[in-house]
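These notes are about the structure you will find just below.
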Amino acid sequence: MGSSGINAEYMGSSGINAEYMGSSGINAEYMGSSGINAEYMGAVAFPHNYSELFITSSVNDIRVWHARTRNELLLIQVPQLECLSCVLSKDGKCIVSGWSDGKVRAFLPQSGRLLWTINDAHNGGVTAVAVSGDGSRLVSGGMDGKVRVWSITLDQQLMLVSLGEHKAKITQISINRGDTEFVSASHDGSCILWNLVGNSGEGSWRINALFATTQFSSILYHPDESQLITAGTDRKITYWDAVENDAIRIVDGSDSAAVNALALSQDGEWIVSGGDDKVVKLWNYDEGYYNYVGIGHSGGITRCQVAPDRKNIVSVGDEGAIMIWKFPDVEALKSEA
């Protein structure tokens, strides 16, 4: 297994500026951001095809960051509540977020103004959200195991269906590029593929399902949509045929701990993983082994994302850290080999 270091910058939470050397030769700069308490970081997302900004969510707030300067551009706070999930709409005009009080809230990313709220979306908290590419539908998942599809406009948000096949917390929802189907991952050991254009009754929405002896934490479509990849508490990264839902490759994502987060480069060539072993790994998708590691988190990694321009990777952790990693110049390394 490869163990080359990934260069990183640490966006910390105590207003302290420092430099340190990671345990595997990674040079990292600690970038303090005054006013942030070291809290659980639950989500990170980039706008569609735009790498200059990204958003993060944590206890009490959502923050918008400038990726190049590392400056905080916007703070959205909902006191005494935890933001459990958040995404940006494809057009970049809306941050859609799920909260511990069971509400879905949408905000303007420029000002932080509240656009709309869905009350009582889920019992126990909204743990996953995804928005269709055309912005007309929202899919939400909750601590209650329910998956719900909503028709959304600025003036009205209507629930189209409530899907109750899952029996435990929904951890991630991914929508395909054509906005025709989506997949939900759950701690109940199942991932279910659903029709996003279903009309009535649960039977017209469900397409297929896949099962494993794990609590699924992440599921993604490969960009060509021929495969799905999953991760969970069994420490495995599994490739699935998107039509038959059969496992076609299983690799050890970690030797010691759950894998909580997966991200794919836009070209589908690279997987980024992170989990409770506190290590960021960069995998070649086709070869199925990791080429690079990043060590810098002091807590479990909760989510990660690859910048659309593939220059950086951002990972967030339950210790409150935001790590920005420089994506290796893979082509240059190949030419040197």
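The values are calculated or read from the model by the stated rules, or taken from the named source; none is laboratory data. Fair warning: this is a prediction, and the values are worked out from it, not measured in the lab. Don't worry about glycine lacking a Cβ; one is built from the backbone with ideal geometry, like all the others, and counts go over all protein chains shown. Surface accessibility is based on the protein's heavy atoms, side chains included, excluding ligands, DNA and RNA. Shrake-Rupley method; radii C 1.70, N 1.55, O 1.52, S 1.80 Å.
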Listed residue pairs exceeding 20 Å between alpha carbons, taken from K103/K169; K146/K169; K167/K281; K93/K311: K167/K281; K93/K311
Could you tell me whether the chain comes out rounded, prolate or oblate from its Cα gyration tensor? Rule is a ≥ b ≥ c as square roots of the eigenvalues, rounded for a/c under 1.5, then prolate if a/b exceeds b/c, otherwise oblate. oblate
Given region 106-264, report the % of alpha carbon pairs whose separation exceeds 19 Å. 54
Residue farthest toward the positive end of the dipole of region 271-321, with Cβ of Lys/Arg at +1 and Asp/Glu at -1: which of Y292, V306, G275? V306
Please state the shape class of region 65-142: rounded when a/c is under 1.5, otherwise prolate if a/b exceeds b/c and oblate if not, all from the C-alpha gyration tensor. oblate
L154 to Q110: extension gain in nm, 0.36 nm per residue of separation minus the Cα-Cα distance? 14.2 nm
Which longest uninterrupted range of the chain lacks any GluC sites (Glu not before Pro) assigned by DSSP to a loop state (not H, G, I, E or B) and surrounded by at most 10 other Cβ atoms within 10 Å? 1-243
How much accessible area per residue does region 272-318 have, in Å², with a 1.4 Å probe? 31
To the nearest 20 Debye, how big is the dipole of the chain about its Cα centre, given +1 on the beta carbon of each Lys and Arg and -1 on that of each Asp and Glu? 660
